[in-house]
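Input: a single structure, listed below in structure tokens.
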Amino acid sequence: MIVTSAVRHAAAGTAAVLFVLPAPAATASPVTSTETVTSAMAVTSAASVTSVAAASSVSLREPTPPAPRYLDRARLDRKGTQVQPLRDAPDVPSVSALSWVVADASSGEVLAARNAHRKLPPASTLKALFALTALPGHEPSEQHTVADSELTGIGDGSSLVGVKEGYTYKVSDLWNGVFLSSGNDAVHVLAAMNGGWESMSRQMQEKAKSLGALDTHVVSPDGYDAPGQVSSAYDLAVFGRTGLQDPAFTRYCSTAYADFPAGSWSYGIANTNRLLTGANGVARYPGLIGIKNGYTSNAGNTLISAARRGDRTLVVTVMNPQGGGGLAVYEEARELLDWGFEAAGRVQPVGSLLPVRTKAAAGSGNRAVSVARGGRDPREGGLARTDAQPPRAGAETAATPGKDPTRGAAPSGASAGLPLALVASACAAAFALWGWRRRAAHRVS
């Protein structure tokens, strides 16, 4: 009986101690498969295991990536017209331009091209690159008083909007002068506000390189003919597509008419892109967004055009048509835009306007995709998802510095051994009580 009493005391003491002890924190390693979930939950009912395993299998399954589309970038290095028609694709129009490109503005896919990387003088279409580089530097409402030094060095025969020294202009007025009147005087002032002429040339060169536009060499930011200054239909399409992603750029390049200040009064200026305004014998192109045209005696006529039809936006570049006079650049761009809208979905792309990814960039891109759990690479026109896999109950949802977030944290030795030590102590106390009572019983007897 005494032994039974001791056992009861030990059990009661142990139960009391365990009752007041806090349960150790549960930890869970990340579940990587349905099989792991099933084995971990084997102590639950069969129905519970089945439902948990099925739910985990659904939540952990990564989305099937889209089938890769092989693009032979070297194809655009070839001479002549490059196109890969599918069944019932329309014929590519025969145009006289030395170089041209038709591309989808959203995906960057090149639908067709001719001599895409041929290096040619760009004329004022280079102002698109100037705008990409200088637009972020100043707010549209900022005002600037023009100094005489800012208007020096403008080339003979340059197109001008009428900027005057001593006059104060809003930055938005100067950009209207750049896009509508192709004003080299406005370019000179904005370049001075952004570090100066030479600095702006370097900045534009760096911007072109960052966009993968490697055919472009900048000498004169306004596009004025200069020895060694070249670009290509491919690079101009890159500049146009990039500009459409900037609301300010898009707003300026699509403006047909504006007032330009001249002290106490102002005068109207019209965009020289005739596809946008429908002036001087050129019909306006439906859905045209705009962008930039250019002309010099060395470059001939050049044009970057963008137009929207339905949910599709195209970018077309045309460089130096060899026939048809001064209006040919617009009519050839019209033909290529018409073809591009008709051919969409009926040709395989022959290239891409997206920059070639270096090994370092590809590595970082792969890491971003793996973190996003199947999200698309942002550089390929999509947003990488960060919520593709919801956190699991009981699992860690944030990484701790110095820890591998893919491994569950095992309980420490101290926390794991504490309950056993307390149980042992309770048992020892119970047996001590039993011994004391036994000795007391002997004394009484």
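Derivation of every value follows stated rules applied to the coordinates shown; laboratory data play no part. Keep in mind it's a predicted model, so treat the numbers as computed, not measured. Cβ placement follows ideal geometry from the backbone for every residue including glycine, while neighbour counts extend to all protein chains displayed.
What to note about this one:
- Size descriptor for segment 118-235, Kirkwood hydrodynamic radius: 14.2 Å (Cα pairs only, one decimal).
- Sorted on the mean count of surrounding Cβ atoms within 10 Å across their residues, most packed first, peptides 104-116, 76-88 read 104-116, 76-88.
- Here, segment 81-171 is characterised by an Rg to Rh ratio of 1.15, where Rg is the alpha-carbon radius of gyration and Rh the Kirkwood radius.
- Model label points for Y267 and E206, set 7 angstrom from Cα along the Cα-to-Cβ axis, are 3.8 nm apart.
- Paired Rg and Dmax values of segment 173-213, which use every Cα atom, in angstrom: 11.3, 30
- Computed over the Cα atoms of segment 174-257, pair by distinct pair, the Kirkwood hydrodynamic radius stands at 13.5 angstrom.
- Inter-part distance, segment 215-286 to segment 337-352, computed on C-alpha centroids, equals 25 Å.
- For segment 133-221, the list of GluC sites (Glu not before Pro) that fall in a loop by DSSP and count at most 14 other C-beta atoms within 10 angstrom reads E142, E165.
- Descending principal axes extents, segment 298-347, alpha-carbon based, whole Å: 36, 15, 15
- Taking the convex hull of Cα positions in segment 204-325, its mean projected area over all directions (nm²): 9.5 nm²
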